[in-house]
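The values are calculated or read from the model by the stated rules, or taken from the named source; none is laboratory data. Small disclaimer: the values here were computed from a predicted structure and weren't measured. So basically every Cβ, Gly included, is an ideal-geometry build from the backbone, and we count neighbours across all protein chains shown.
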Amino acid sequence: MGVLDFRKTWNFSVAASAEQCFRAFYQAMSAKGMGVGAIKWRVDRTSARSGPDPAQPEWPAYVATFTGRAGLGGIMSVSSAGRAMVGTQITFGVNPETAGGRTECSMWMSNRLSGMQMPMGDLLFLRNYMNEVEKQLRLLDPGLLVERV
């Protein structure tokens, strides 16, 4: 796993239903108590393309939008760097045409505009949440397949 993995698209193949995958994402992004790196997210149901090609069909998705730092990190987020993170989004989409007992899903940082202004330390906090999504999916399926591209 690389330091800049938050910039990649994380593709998962998991032996679980689409709704179980969505619950895993929601649970990970709603996690409390990640210490100084605790982040508050608003998680909404939406649809999204899994790539830049406008001809691709949209997938059912959740988008988590950064709304602020939590706990001790909340005190530190009064800086302009902390405010620059507000609005950053991570999207988690599920391929509705997955078959064969496995669900294909992807997660990516979908709003990089504010992310370009963030300090590296704050971006690493985002990666921690992305790692938590992987962890929750692995609890559903210890044989989880992960590819970061």
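The rows are residues; the columns are (1) β-branched (Val, Ile, Thr); (2) at pLDDT below 90; (3) touching a Gly at 6+ places or on another chain (Cβ under 8 Å).
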| site | (1), (2), (3) |
| --- | --- |
| Ser77 | no, yes, yes |
| Val86 | yes, yes, yes |
| Gly93 | no, no, no |
| Arg112 | no, yes, no |
| Asp122 | no, yes, yes |
| Arg127 | no, yes, no |
| Glu134 | no, no, no |
| Arg138 | no, no, no |
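What are the residues in the stretch 8-24 that are hydroxyl-bearing (Ser, Thr, Tyr) and farther than 15 Å from Leu144 by Cβ, if any? If the condition is that a residue be hydroxyl-bearing (Ser, Thr, Tyr) and farther than 15 Å from Leu144 by Cβ, then Thr9 is the only one that fits. Do we have Ala18 as surrounded by 15 or more Cβ atoms within 10 Å (Cβ to Cβ) and modelled with pLDDT under 90 here? It is false that Ala18 is surrounded by 15 or more Cβ atoms within 10 Å (Cβ to Cβ) and modelled with pLDDT under 90.
Among the residues making up the stretch 50-66, a single one is surrounded by fewer than 17 Cβ atoms within 10 Å (Cβ to Cβ) and touching a Gly at 6+ places or on another chain (Cβ under 9 Å): Glu58. Within the stretch 21-41, track down each residue that is modelled with pLDDT under 85, in a helix (DSSP H, G or I) and crowded, with 17+ Cβ neighbours inside 10 Å. Result: Gly37, single match. Please tell me if Ser50 is within 18 Å of the chain's Cα centre (by Cα) and modelled with pLDDT under 75. When the stated conditions are applied, Ser50 passes them.
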